[in-house]
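*Asks:* Sharing a structure, written as structure tokens. Questions coming.
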Amino acid sequence: MHDIRAIRDTPEAFDAGLARRGDAPMSAQILALDEARRALIHAAETAQAEQNKASKEVGAAKGRGDEAEFERLRALVGDKKAEIARLTDEAKAKDAALTDMLARIPNLPAADVPDGADDGDNVEVAKWGTPPSFDFDAKEHFELASVAASMDFDLGAKLSGARFVVLRGAVARLHRALAQFMIDTHVDKNGLVEHNTPVLVRDEAMYGTDKLPKFGDDSYQTTNGWWMIPTSEVTLTYSVAGDILDEGALPLRMTAHTLCFRSEAGSAGRDTSGMLRQHQFEKVEMVSITHPDESDAEQKRMLRCAEALLEDLGVPYRTVQLCTGDMGFGAKRTYDIEAWLPGQNAYREISSVSTTGDFQARRMNARFKPAGGGKPEFVHTLNGSGLAVGRCLIAILENGQQADGSVKLPAVLAPYLGGKTVLGVDGALA
């Protein structure tokens, strides 16, 4: 959510920020609606003062026997009461329209975000590892002999439809091991507090984390009104909604491993093979709630947490800073980590780490009390994948593939796999 006072003070800067995202200027529309709302509020307050004055004079007119003046004042009180109700209702309608308009406008990019139209204008900022060189044609994850029998898309479709999969046997265990490895690393090494949160949330949680009202079609809603979370960013971030935190409690660093659900409404025809893009998937999420002065440094820390996981797993990756035209709705700045997938001969996103500044905090009224006193201020919120479990499974399988269809597994996963380090051609761990 945007600060209306900032738009009043610097409308040109607001429009310039929208222009960097490729959006049309909106300050004139916003300020016209704001002015109309404020005028109605002022008119209602004036009418209220006039009603109060007339109410006091009614008794005096009655006391001195001036029936004509008494009746005039009594009628005036009634008229003013009706006028106040009408003006108040109109002001509320303008306020709701203004809130809705502001809720549909994306966050403004940070000054250091590169300008650009789409992902072709993203800027590579780091690269780690060397993509493996095979003396055979690399296969995609679902084509590997060791995987094919244990990654069942036909059964997923039988149960639920397209873009669902059933994992079984060693592949299911490997998927679980990856999630456990990520959570343990975040808790034991990165200082995040593990949470187990619901996957069904109310409208307020989706709204507060900028998923509503604009992107309702991208998520699933139950018949009784709950939303199925697209990621635990929603639950972890909204956990501080309405709170006034002590400055000394910041930063709050949280993580959770959850099921996630996305309708993929805008991705028809994309990545339909394999499990790269599914309606149901699992993620280990990182969320930080910080002091505004610390949020930029916190984003870099979170980025390193995600990158280090891939390094521990031996997966080559590159990190890119997203340009203005490719950033998500609520992001002020975003870095994507893209893992190398030999089967596609391409880097593909496996993590996004974003800061929203106070954009989400304003929507959900999350603040902190400054240690030195003064008014509560809005916190900054950050979120990042640490990592997308299914996509990490894909990267492990494709980078570790061998000529016979078996897969060498990362050594760091051995403790989670009973000491096994290979996924054999027969689909069993060895």
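The values are calculated or read from the model by the stated rules, or taken from the named source; none is laboratory data. Being a predicted model, the structure only gives us computed values, none of them experimental. All Cβ positions, glycine included, derive from the backbone under ideal geometry; neighbour counts span all protein chains shown. Areas reflect the complete protein model, heavy atoms only, side chains present, ligands, DNA and RNA absent. Shrake-Rupley method; radii C 1.70, N 1.55, O 1.52, S 1.80 Å.
*Asks:* Could you run through segment 162-175 and say how many residues are open to solvent by 10 Å² or more (accessible area, probe 1.4 Å) and in contact (Cβ under 8 Å) with a residue 24 or more places away in the chain?
*Replies:* Count: 8.
*Asks:* Mind counting the residues in segment 113-137 that are out of contact with any Lys or Arg (no Cβ under 7 Å at 6 or more places or on another chain), open to solvent by 40 Å² or more (accessible area, probe 1.4 Å) and touching a residue at least 60 places away in the same chain (Cβ under 8 Å)?
*Replies:* Residues that pass the stated criteria total 13.
*Asks:* Of everything in segment 266-286, what is modelled with pLDDT under 75 and hydroxyl-bearing (Ser, Thr, Tyr)? Give them in sequence order.
*Replies:* Scanning segment 266-286 gives SER267, THR272.
*Asks:* Do the conditions hold for LEU108, that is, is it open to solvent by less than 60 Å² (accessible area, probe 1.4 Å), closer than 30 Å to ARG20 by Cα, of a type outside the set (Phe, Trp, Tyr) and not in a helix (DSSP H, G or I)?
*Replies:* Yes, satisfied.
*Asks:* Restricting attention to segment 234-261, and to residues there that are of a type in the set (S, T, N, Q) and touching a residue at least 60 places away in the same chain (Cβ under 8 Å), which single residue is surrounded by the most Cβ atoms within 10 Å (Cβ to Cβ)?
*Replies:* Ranking the qualifying residues of segment 234-261, first place goes to THR237.
*Asks:* What do you reckon, is ALA306 hydrophobic (A, V, I, L, M, F, W, C), more than 16 Å from GLY330 (Cα to Cα), open to solvent by less than 60 Å² (accessible area, probe 1.4 Å) and in a helix (DSSP H, G or I)?
*Replies:* yes
*Asks:* The conditions are (1) in contact (Cβ under 8 Å) with a residue 60 or more places away in the chain; (2) surrounded by fewer than 20 Cβ atoms within 10 Å (Cβ to Cβ); (3) over 23 Å from ALA256 (Cα atoms), and VAL320 fails exactly one of them. Which is it?
*Replies:* Among (1) in contact (Cβ under 8 Å) with a residue 60 or more places away in the chain; (2) surrounded by fewer than 20 Cβ atoms within 10 Å (Cβ to Cβ); (3) over 23 Å from ALA256 (Cα atoms), VAL320 violates only (2).
Every residue, every condition in (1) among the β-branched types (Val, Ile, Thr); (2) modelled with pLDDT of 95 or more, yes or no:
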{"position": "VAL165", "(1), (2)": "yes, yes"}
{"position": "ALA177", "(1), (2)": "no, yes"}
{"position": "VAL193", "(1), (2)": "yes, yes"}
{"position": "VAL199", "(1), (2)": "yes, yes"}
{"position": "ALA205", "(1), (2)": "no, yes"}
{"position": "PHE215", "(1), (2)": "no, no"}
{"position": "MET228", "(1), (2)": "no, yes"}
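*Asks:* Can you name the number of the only condition in (1) on the phi < 0 side of the Ramachandran plot; (2) open to solvent by less than 70 Å² (accessible area, probe 1.4 Å); (3) in contact (Cβ under 8 Å) with a residue 60 or more places away in the chain that ASP210 fails?
*Replies:* (1)
*Asks:* I would also like to ask the following. Is it true that some residue in segment 85-96 is at pLDDT 95 or above, open to solvent by 60 Å² or more (accessible area, probe 1.4 Å), charged (D, E, K, R) and within 25 Å of GLY357 (Cβ to Cβ)?
*Replies:* Within segment 85-96, one or more residues are at pLDDT 95 or above, open to solvent by 60 Å² or more (accessible area, probe 1.4 Å), charged (D, E, K, R) and within 25 Å of GLY357 (Cβ to Cβ).
*Asks:* Also, I was wondering about something else. What pairs come up if the first residue lies in segment 35-59 and is crowded, with 16+ Cβ neighbours inside 10 Å, the second is among the small types (Gly, Ala, Ser), and their beta carbons are under 8 Å apart, counting only those six or more places apart or on different chains?
*Replies:* Every condition considered, the pairs that remain are ARG37/ALA91; LEU40/ALA91; ILE41/ALA91; ALA44/ALA91.
*Asks:* Quick one: would you say HIS141 is in contact with a strand residue (DSSP E or B) (Cβ under 6 Å, 6 or more places away or on another chain) and surrounded by 18 or more Cβ atoms within 10 Å (Cβ to Cβ)?
*Replies:* Here the answer is no, as HIS141 does not meet what is asked.
*Asks:* Out of PRO292, PRO230, report the one residue that is in contact with a His (Cβ under 8 Å, 6 or more places away or on another chain) and surrounded by fewer than 22 Cβ atoms within 10 Å (Cβ to Cβ).
*Replies:* PRO292
*Asks:* I'm checking my understanding of the structure. Among residues of segment 356-382 that are among the small types (Gly, Ala, Ser) and under 17 Å from SER295 (Cα atoms), which one is farthest from the chain's Cα centre (by Cα)?
*Replies:* ALA366
*Asks:* Being closer than 27 Å to MET275 by Cα and of a type outside the set (A, V, I, L, M, F, W, C) narrows it down to one residue among GLU204, GLU194; which is it?
*Replies:* GLU194
*Asks:* Then there is this: Only one of GLY372, GLY384, GLY419, GLY400 is over 20 Å from PRO131 (Cβ atoms) and open to solvent by less than 20 Å² (accessible area, probe 1.4 Å); which?
*Replies:* GLY384
*Asks:* Okay, next question. Of all the residues that make up segment 325-344, how many are of a type in the set (S, T, N, Q) and crowded, with 23+ Cβ neighbours inside 10 Å?
*Replies:* Within segment 325-344, residues that are of a type in the set (S, T, N, Q) and crowded, with 23+ Cβ neighbours inside 10 Å number 1.
*Asks:* Suppose we keep only residues that are of a type outside the set (D, E, K, R) and open to solvent by 40 Å² or more (accessible area, probe 1.4 Å) within segment 176-189. Which one would you say is nearest to VAL147 (Cα to Cα)?
*Replies:* GLN180
*Asks:* Right, next: Only one residue in ARG163, ARG173 is assigned to a loop (DSSP other than H, G, I, E, B) and closer than 17 Å to GLU282 by Cβ, so which one is that?
*Replies:* Exactly one of ARG163, ARG173 is assigned to a loop (DSSP other than H, G, I, E, B) and closer than 17 Å to GLU282 by Cβ, namely ARG163.
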